[in-house]
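Participant: What follows is a structure written as structure tokens; I'll ask about it next.
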Amino acid sequence: MAHTADHYYVPHGSHWPIIASIALTTGVVGAALWFNGHASGEMVLFIGLALVAFMMFGWFGTVINESLKGMYNEQVDRSFRQGMMWFIFSEVMFFAAFFGALFYARELAVPWLLGEGAKFATHDYLWPNFSEAWPTNGPGGVGGQFETVGAWGIPALNTLLLLTSGVTITLAHWALKAGDRTKTVLWLIATVALGAIFLGFQAYEYIHAYHELNLTLESGIYGSTFFMLTGFHGFHVTIGTAMLLVITIRAAKGHFTADNHFAFEGVAWYWHFVDVVWLGLFIFVYVL
Amino acid sequence: MTTATATHDDHHDHGPAKGLMRWITTTNHKDIGTLYLLFALIMFFIGGAMAMVIRAELFQPGMQIVDPQFFNSMTTVHALLMIFGAVMPAFTGLANWLIPMQIGAPDMALPRMNNFSFWILPFAFTLLLSTFFMSGGGPAGGWTLYPPLSLQMGDGFPFLIFAIHLAGISSIMGSINVIVTILNMRAPGMTLMKMPLFCWTWLITAYLLIATMPVLAGAVTMLLTDKFAGTSFFNAAGGGDPVMFQHIFWFFGHPEVYILILPAFGIISAIVPTFARKPLFGYSSMVYATASIAFLSFIVWAHHMFTVGMPVTGELFFMYATMMIAVPTGVKVFNWVSTMWKGSMTFETPMLFAVGFIMMFTIGGFSGLMLAIAPADFQYHDTYFVVAHFHYVLVTGAIYSIMAATYYWLPKWTGNMYDERLGKIHFWISTISVNLLFFPQHFLGLAGMPRRIPDYSVQFADWNMVSSIGGFIFGASQLLFAYNVYKTVKGGKKATDKVWEGADGLEWTLSSPPPYHSFTEAPVVK
Amino acid sequence: MKSRIARGVLALTTGLLAGSALAEWDLLNMRKGVTSTSHEVHDLHMMILWVCVVIGIVVFGAMIYAMLKHRKSKGAVAAQFHESTTMEIIWTIIPIVILVSMAIPATKTLLAMEDVSDADMTIKVTGLQWKWKYDYVDGEGAGISFLSSLAPEHNEARLLGAGMDEAKLREKFGQTYLRDVDNPVVVPTGKKIRFLLTAADVIHSWWVPDLGWKKDAIPGFVNESWTRIDKPGVYRGKCAELCGKDHGFMPIVVVAKSPADYAAWVQAQTGAAAAEAASADKIWAADDLLAKGEQVYKTNCAACHQLTGTGVPPAFPALAGNPISNGDDPMGQITTVLNGRPGTAMAAYGPMLSDVELAAAITYVRSSWGNSGSAVQPAEIKAAR
Ligand code: HEA
Ligand code: HEA
Ligand code: CUA
Ligand SMILES: [Cu+2]
């Protein structure tokens, strides 16, 4: 075939995207049925997720193959990098919505309910007995009394873990650039391990919150913002860890060269992004 | 401005696959562009049919045709289809067709993802429309989805939310593709400041999309958890605030309306110079104006919420910021007029639509400016005055630009000339009827008719009838458009490569129709 | 039909000759209204409108001139200029100056509108699907409280299948179709009235054009606004924020009375309220309860549960044949109606209706459409509160 690396590689028709669309749709239909309390929901959701996984293997497999065959030139590589960067930016904006909700609720809504600022009538007429500033589950006491998770226990430890993992992945990158495969793989394994430990702690903390602190997703606005922010973050750590695992295997197989390893860098950027979001969480959700 | 040396496609590649699979699996920017445009047209017709139901019920006072709940879902879904199903995909389709040809690239940067962005859409909109058949019916809380009302929806609710998620994923991927294509795939010599304005406006639109669609996704996710997972984001009893949704929604929603108009500015900036036979006036100030509009669009959102009881400092800030947008938009209008000034103009159909755009968009802009004045908006808000405003900018703005673009580039895409006489008839019927349709809505709003109502008091009867008649004629005249496009795709007088005497830009250096792969060998731009 | 079209054409031509004496100005432009606020807003509106018209004439004038003169068929040869920094600066500065000169009066008006201090009396307005509740909180008339919904004849005429068209509506209701309520909100003229706006279910918006503003009524929060009406009269408005199925049928009627007339109205109201309270303690005859119940049900419940009690399942459950409406123990039904069902459209009617009204409505439900539940006395409601 005529494709060589001096042309920008434009793939032929591919069936992966349509499979991806079907997979995603199946997944969300399943989730929607499930939310509606439909018996078939979980099943359909599961099929959808399985299809998504199948699609990812297939699609990424194709890309990896093409990459290994040297079909991508530098320009293609740049496209991938830029694409990844803008994808991460979109993720940042997704988190921004939830941080925005946190700030709005803390700085505006709750003070208004407490009768501060221009809306004192709100307090006088609707919620005269409400006096609980942040953290709060609101004037209706939604979800009942709860306690918060202290910042300086597990969360601080988790911060340390993630920061360390930022270092280990950088060390892996240096090793990769130096062409040292063993070291690359070792540092990557360390990073994966740190991510997994973080998740373990996080799961422990959730169980603790639910069982001992009565802090749940339903604990008013505090519980809502706390669990949605940390939950989506945890979800991203899970994805990040899975991606790290994949590139660890690929690194071990020798897929990356010192100057051609987009997949590695993409994952590393993603990991740093997850890291930075955590710092934001640690400061705004736990410490302040 | 730009000339290409070299190379039409003589790269003997396997042409496209055959049959349906060609379209399902395609990674070709032209095929995908065609799919997007076709999809947009279908959505425009379905959304338009819903508008016809609205206009038929409003033809006279009293309830005659649909019940109020169904009426509300017509309004809601009409808007969702038109915005997310018709205008946005149409612009993305144009981007797919034109950007690679205009910057001298072989294709979009990420072709497989390009296919994915398109093919999510039919699924997303099937989900959305399927809610009509579920218990509780279609969404009826307005396209703005304000809680707590939107949470009262029946079984369709999670389907609605996920449909929005899917459409959002599609837009984000589409935008990533546009940005990367423009930043990474330009032919040698095609500097950013030589790019056609359509590419510029799309580049900036894509930034807006990537920055705001995820915020919308966040907002609707919170709706979902408020309904199903017991969170209290929008519930005062739990310490949340229903108005918080509005802030998050409009942080997306206002940039969204510029997403719906910036590519239109790019189209008009391509067409006016061609038919004035004179270079675009103030190219660089056009670029800066676009960027300023995009920047300002992030700090004006609460002008949709002047009546929610914000602190007065907030109202003042958002009022001032909103008014500022008139300045860069004015620059654009003045530049178009200056481009026409002392030109040598002819008025083929694309130019007619472009001129129609400039005038009627500006009228919509003026009413926008009136809405921006907070104390006056206390009267205008949620009345037909607002409906008139946004249909002027959306229908005679966005939709007109898409029609103009279709007439302008269709001969290039198909190699056939469209029927000029029919095009002109389409323009004139549309333009007369669309003003019958939307101009009286200003009067209705000022006289006190709220929006989103299925029935009204008798003093609004006359104008509503005029508006409905205009609506039916406008709707019917779109059949002429569809027929003209169909006829041109099927055959017709052969178009030359350059098509228009005054046309300028790389796409006109390709054959009509262009080869399946445009620039496999990058042209050199001088 | 013909005459309608003829009138449409007439309206259109007069509209095109905008402002001509033929057309009723009210049908083309914002109303001047009856408060100082509404006058200021109207003036502001006219000012921006004229500024836009003038700019429009200049811009479109230039464009049309170019289109007529600089066309190829007229032999025009294209000039090639395409830049002028001077021009760009001019047409950036001039709009800024125009905008600043608009912003100044707008700011003044806005600040005045938001100043709710020194009010003579306060009325709390609560939006509900799909009616308004008014509580006179302080000032003359404090303690008065009532619900206000679309007048029943209108409510019947607006149903799908009522067979109404414009001519019939004009004949039956004159100019007020959909603009009458059962209980208008009565206010004195010349007094600064502070409104507190909130809602019980979804967001509504309280708007009377003649007062010059609208403000959203948001569940869980209270917004404030004020008005001072100059002259006695009846001023009509509507709910302006989409609030569900019957958003279009949620009118507002403000009756402004001179202070003396207002005082008389307050007298009458407090008298009626006292009588109502007293009647809650007596035992009601079944027929009286039923008759009153039908009225209460029609205005408060029928929007959702329908006149025939069939509801609109699954959104709104049927009350006819529903176990909750039958049997000897009415407590389930009483608590449902008193406290509502949080998170659904079923609002708590305890704070909205009196003991008598609630007893009547529940008794009506329990003995209509084939239901055979026991009757309920006001005293039982009082005890259940
Ligand atoms: C393509 C879409 C589009 C565009 C381009 C605009 C453009 C503008 N819009 Fe509009 N708008 C909508 C789509 C759009 N809008 C929609 C969909 C809604 C309703 C949403 C909903 O509630 O459902 C809405 C609602 C809306 C509101 C809220 C109204 C309400 O609900 O109460 C406001 C308020 O400020 C507003 C303002 C403006 C302004 C100031 C502009 C400006 O950008 C206009 C600038 C242009 C000009 C001013 C004309 C040209 C300029 C000159 C010739 C220069 C000289 C002029 C002067 C100095 C005056 N818009
Ligand atoms: C890009 C966006 C877009 C476009 C193109 C349109 C196009 C049209 N819109 Fe819409 N509209 C919105 C965006 C748009 N609208 C939004 C955002 C809202 C607010 C929603 C809300 O409040 O939540 C709204 C609301 C809205 C209302 C107010 C409803 C209400 O408040 O209750 C009305 C009423 O007249 C209306 C009418 C129309 C009409 C007649 C057209 C016409 O231009 C449509 C013309 C097209 C066709 C008719 C289809 C093509 C032809 C056929 C299908 C052939 C058959 C035709 C015949 C037999 C006549 N629209
Ligand atoms: Cu209440 Cu609309
Ligand atoms: Cu806006």
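Participant: Which condition breaks for B:MET310 when tested against (1) assigned to a helix (DSSP H, G or I); (2) open to solvent by 10 Å² or more (accessible area, probe 1.4 Å); (3) within 16 Å of ligand 4 (Cβ to nearest atom); (4) at the interface with another protein chain (Cβ under 10 Å from one of its Cβ atoms)?
Facilitator: Condition (1) is where B:MET310 drops out.
Participant: Please go through the range B:313-334 and pick out each residue that is away from ligand 4 (no atom under 16 Å from the Cβ), more than 8 Å from chain C (Cβ to nearest Cβ) and either within 23 Å of B:ILE268 (Cβ to Cβ) or in contact with a helix residue (DSSP H, G or I) (Cβ under 7 Å, 6 or more places away or on another chain) (or both).
Facilitator: Residue satisfying the conditions is B:LYS332 alone.
Participant: Same structure, new question: Note down all Cβ pairs under 7 Å where the first residue falls in the range B:503-526 and is under 17 Å from B:ALA270 (Cβ atoms) and part of a loop (DSSP other than H, G, I, E, B), the second is open to solvent by 50 Å² or more (accessible area, probe 1.4 Å) and modelled with pLDDT under 85, and they're at least six residues apart or on different chains.
Facilitator: Final answer for the pair search is B:ASP504/B:MET1; B:LEU510/B:HIS8.
Participant: Tell me, which residue of the range C:66-105 that is more than 9 Å from chain B (Cβ to nearest Cβ) and polar (S, T, N, Q) is surrounded by the most Cβ atoms within 10 Å (Cβ to Cβ)?
Facilitator: Among those residues, the one meeting the criterion is C:SER101.
Participant: Of all the helices (runs of 4 or more DSSP H) wholly in the range A:101-197, which have at least 2 residues that are open to solvent by 50 Å² or more (accessible area, probe 1.4 Å) and touching a residue at least 60 places away in the same chain (Cβ under 8 Å)? I'd like the intermediate steps shown before the answer.
Facilitator: Values: elements: A:110-113, A:120-126, A:154-177.
Where helices (runs of 4 or more DSSP H) fall fully within the range A:101-197 and carry at least 2 residues being open to solvent by 50 Å² or more (accessible area, probe 1.4 Å) and touching a residue at least 60 places away in the same chain (Cβ under 8 Å), they are A:154-177.
Participant: Turning to a different aspect of this structure: Name the one entry in C:LYS108, C:LYS131 that is buried (at least 20 other Cβ atoms within 10 Å of the Cβ) and modelled with pLDDT of 90 or more.
Facilitator: Numbers: C:LYS108 fails: buried (at least 20 other Cβ atoms within 10 Å of the Cβ).
Only one candidate qualifies: C:LYS131.
Participant: Also: Which members of the range A:214-229 meet the condition of being touching a Phe, Trp or Tyr at 6+ places or on another chain (Cβ under 6 Å), assigned to a helix (DSSP H, G or I) and of a type in the set (Val, Ile, Thr)? Explain how you work it out, then say what you get.
Facilitator: Filtering the range A:214-229 for residues touching a Phe, Trp or Tyr at 6+ places or on another chain (Cβ under 6 Å) gives A:214-217, A:219, A:224, A:228-229.
Still in the running and assigned to a helix (DSSP H, G or I): A:224, A:228-229.
Listed by number, the list is empty, since nothing qualifies.
Participant: Let me ask something else. Which helices (runs of 4 or more DSSP H) sit wholly inside the range B:367-461 and have at least 3 residues that are open to solvent by 10 Å² or more (accessible area, probe 1.4 Å)? Lay out the reasoning, then the answer.
Facilitator: On the way: elements: B:374-380, B:384-393, B:400-414, B:420-447.
In the range B:367-461, B:384-393, B:400-414, B:420-447 are the helices (runs of 4 or more DSSP H) which contain 3 or more residues that are open to solvent by 10 Å² or more (accessible area, probe 1.4 Å).
Residue by residue, here is whether (1) assigned to a loop (DSSP other than H, G, I, E, B); (2) free of Cβ contacts under 8 Å to residues at least 60 places away in the same chain holds:
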site: A:GLY37; (1), (2): yes, yes
site: A:VAL44; (1), (2): no, yes
site: A:GLY48; (1), (2): no, yes
site: A:PHE57; (1), (2): no, yes
site: A:GLY61; (1), (2): no, yes
site: A:ILE64; (1), (2): no, no
site: A:GLY70; (1), (2): yes, no
site: A:GLN75; (1), (2): no, no
site: A:ARG78; (1), (2): no, yes
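Participant: Identify all residues within the range B:229-259 that are farther than 23 Å from C:ALA200 by Cβ and away from ligand 4 (no atom under 16 Å from the Cβ); write none if there are none. Give the steps one after another, and end with the answer.
Facilitator: Going residue by residue through the range B:229-259, those that are farther than 23 Å from C:ALA200 by Cβ are B:229, B:248, B:250-259.
Passing the criteria: only B:ALA229.
Participant: Can I ask one more? Restricting the search to the range C:222-233, which residues are part of a strand (DSSP E or B) and more than 9 Å from every other protein chain (Cβ to nearest Cβ)? Can you show your working first?
Facilitator: Of the residues in the range C:222-233, the ones part of a strand (DSSP E or B) are C:223-227, C:229, C:233.
Matches in the range C:222-233: C:TRP226, C:THR227, C:ILE229, C:GLY233.
Participant: Can you tell me which residue within the range A:219-229, out of those that are of a type outside the set (A, V, I, L, M) and within 15 Å of B:THR221 (Cβ to Cβ), is surrounded by the fewest Cβ atoms within 10 Å (Cβ to Cβ)? Quick ask: steps written out before the conclusion?
Facilitator: Step one: list which residues in the range A:219-229 are of a type outside the set (A, V, I, L, M), which gives A:219-220, A:222-227.
Keeping just the survivors that are within 15 Å of B:THR221 (Cβ to Cβ) gives A:224-225, A:227.
Numbers: A:SER224: 34, A:THR225: 27, A:PHE227: 22.
Ranking the candidates gives A:PHE227 first.
Participant: Only one of (1) within 12 Å of chain A (Cβ to nearest Cβ); (2) under 20 Å from C:ASP246 (Cα atoms); (3) crowded, with 24+ Cβ neighbours inside 10 Å fails for B:GLY138. Which number is that?
Facilitator: In the conditions (1) within 12 Å of chain A (Cβ to nearest Cβ); (2) under 20 Å from C:ASP246 (Cα atoms); (3) crowded, with 24+ Cβ neighbours inside 10 Å, B:GLY138 misses (1) alone.
Participant: In the range C:164-221, which residues are facing chain B (nearest Cβ under 9 Å), closer than 27 Å to B:PHE306 by Cα and more than 15 Å from the chain's Cα centre (by Cα)?
Facilitator: Across the range C:164-221, the qualifying residues are C:ASP201, C:PRO219, C:GLY220, C:PHE221.
Participant: Next question, about the same structure. Under the condition of being open to solvent by less than 40 Å² (accessible area, probe 1.4 Å) and either over 24 Å from B:GLY168 (Cβ atoms) or modelled with pLDDT of 95 or more (or both), which residue from the range A:1-17 is farthest from the other protein chains (Cβ to nearest Cβ)? Spell out how you get there, then give the answer.
Facilitator: Filtering the range A:1-17 for residues open to solvent by less than 40 Å² (accessible area, probe 1.4 Å) gives A:8-11, A:14, A:16-17.
Next cut, either over 24 Å from B:GLY168 (Cβ atoms) or modelled with pLDDT of 95 or more (or both) only: A:8-11.
Values: A:TYR8: 5, A:TYR9: 9, A:VAL10: 5, A:PRO11: 5 Å.
So, considering only residues that are open to solvent by less than 40 Å² (accessible area, probe 1.4 Å) and either over 24 Å from B:GLY168 (Cβ atoms) or modelled with pLDDT of 95 or more (or both), the one farthest from the other protein chains (Cβ to nearest Cβ) is A:TYR9.
Participant: Note down all Cβ pairs under 9 Å where the first residue falls in the range A:232-256 and is farther than 30 Å from A:ALA97 by Cβ, the second is surrounded by 20 or more Cβ atoms within 10 Å (Cβ to Cβ) and aromatic (Phe, Trp, Tyr), and they're at least six residues apart or on different chains.
Facilitator: A:ARG250/A:PHE256; A:ARG250/A:PHE264; A:ALA251/A:PHE264; A:HIS255/A:PHE264; A:PHE256/A:PHE264
Participant: Could you please give the count of residues in the range A:230-258 that are assigned to a helix (DSSP H, G or I), open to solvent by 20 Å² or more (accessible area, probe 1.4 Å) and farther than 28 Å from B:THR221 by Cα? Step through it out loud before you land on a result.
Facilitator: Filtering the range A:230-258 for residues assigned to a helix (DSSP H, G or I) gives A:230-252.
In the following step, the residues that additionally are open to solvent by 20 Å² or more (accessible area, probe 1.4 Å) were identified as A:231-232, A:235, A:238-239, A:242-243, A:245-246, A:249-250, A:252.
Going one step further and asking which of them are farther than 28 Å from B:THR221 by Cα, we end up with A:245-246, A:249-250, A:252.
Residues that pass the stated criteria total 5.
Participant: Can you tell me which of C:GLY293, C:GLY244 is on the phi > 0 side of the Ramachandran plot and away from ligand 1 (no atom under 16 Å from the Cβ)? Can you show your working first?
Facilitator: Working: C:GLY293 fails: on the phi > 0 side of the Ramachandran plot.
Going through C:GLY293, C:GLY244 in turn, just one is on the phi > 0 side of the Ramachandran plot and away from ligand 1 (no atom under 16 Å from the Cβ): C:GLY244.
Participant: Out of B:ALA140, B:ALA167, B:ALA86, B:ALA163, I need the residue that is under 20 Å from the mean Cα position of the chain (by Cα) and either aromatic (Phe, Trp, Tyr) or more than 21 Å from A:ALA23 (Cα to Cα) (or both). Which one? Show your work before the answer.
Facilitator: Values: B:ALA140 fails: under 20 Å from the mean Cα position of the chain (by Cα); B:ALA167 fails: either aromatic (Phe, Trp, Tyr) or more than 21 Å from A:ALA23 (Cα to Cα) (or both); B:ALA163 fails: either aromatic (Phe, Trp, Tyr) or more than 21 Å from A:ALA23 (Cα to Cα) (or both).
Result of the check over B:ALA140, B:ALA167, B:ALA86, B:ALA163: B:ALA86.
Participant: Do you know which residues across the range C:35-54 are open to solvent by 50 Å² or more (accessible area, probe 1.4 Å) and among the aliphatic types (A, V, I, L, M)? I'd like the intermediate steps shown before the answer.
Facilitator: Going through the range C:35-54, the residues open to solvent by 50 Å² or more (accessible area, probe 1.4 Å) turn out to be C:36, C:39-40, C:43, C:47, C:49-50, C:53-54.
Matches in the range C:35-54: C:MET47, C:LEU49, C:VAL53, C:VAL54.
Participant: Same structure, new question: Please indicate, with yes or no, whether at least one residue in the range B:396-414 is within 15 Å of ligand 4 (Cβ to nearest atom) and closer than 29 Å to B:LYS487 by Cα.
Facilitator: Yes, the conditions are met somewhere in the range B:396-414.
Participant: Could you check the range B:14-67 and list, in sequence order, the residues that are under 16 Å from B:ASP107 (Cβ atoms) and more than 11 Å from every other protein chain (Cβ to nearest Cβ)?
Facilitator: B:LYS30, B:GLY33, B:THR34, B:LEU35, B:TYR36
Participant: In this structure, does B:THR339 turn out to be in contact (Cβ under 8 Å) with a residue 60 or more places away in the chain and touching a Pro at 6+ places or on another chain (Cβ under 8 Å)? Talk me through it step by step, then tell me what you get.
Facilitator: Working: in contact (Cβ under 8 Å) with a residue 60 or more places away in the chain: yes; touching a Pro at 6+ places or on another chain (Cβ under 8 Å): yes.
Considered against the rule, which asks whether it is in contact (Cβ under 8 Å) with a residue 60 or more places away in the chain and touching a Pro at 6+ places or on another chain (Cβ under 8 Å), B:THR339 comes out as yes.
Participant: Now, a different point. Against the definition (without any contact (Cβ under 8 Å) to a residue 24 or more places away in the chain, of a type outside the set (Asp, Glu), in a helix (DSSP H, G or I) and surrounded by fewer than 18 Cβ atoms within 10 Å (Cβ to Cβ)), how does C:MET63 come out, yes or no? Explain how you work it out, then say what you get.
Facilitator: On the way: without any contact (Cβ under 8 Å) to a residue 24 or more places away in the chain: yes; of a type outside the set (Asp, Glu): yes; in a helix (DSSP H, G or I): yes; surrounded by fewer than 18 Cβ atoms within 10 Å (Cβ to Cβ): no.
The answer is no for C:MET63.
The values are calculated or read from the model by the stated rules, or taken from the named source; none is laboratory data. Keep in mind that this is a model prediction, so the values were computed, not measured. Ideal geometry is used to build each Cβ from the backbone, glycine not excepted, and the neighbour counts take in all protein chains shown. These accessible areas exclude ligands, DNA and RNA; they are computed on the full protein's heavy atoms, side chains included. Shrake-Rupley method; radii C 1.70, N 1.55, O 1.52, S 1.80 Å.
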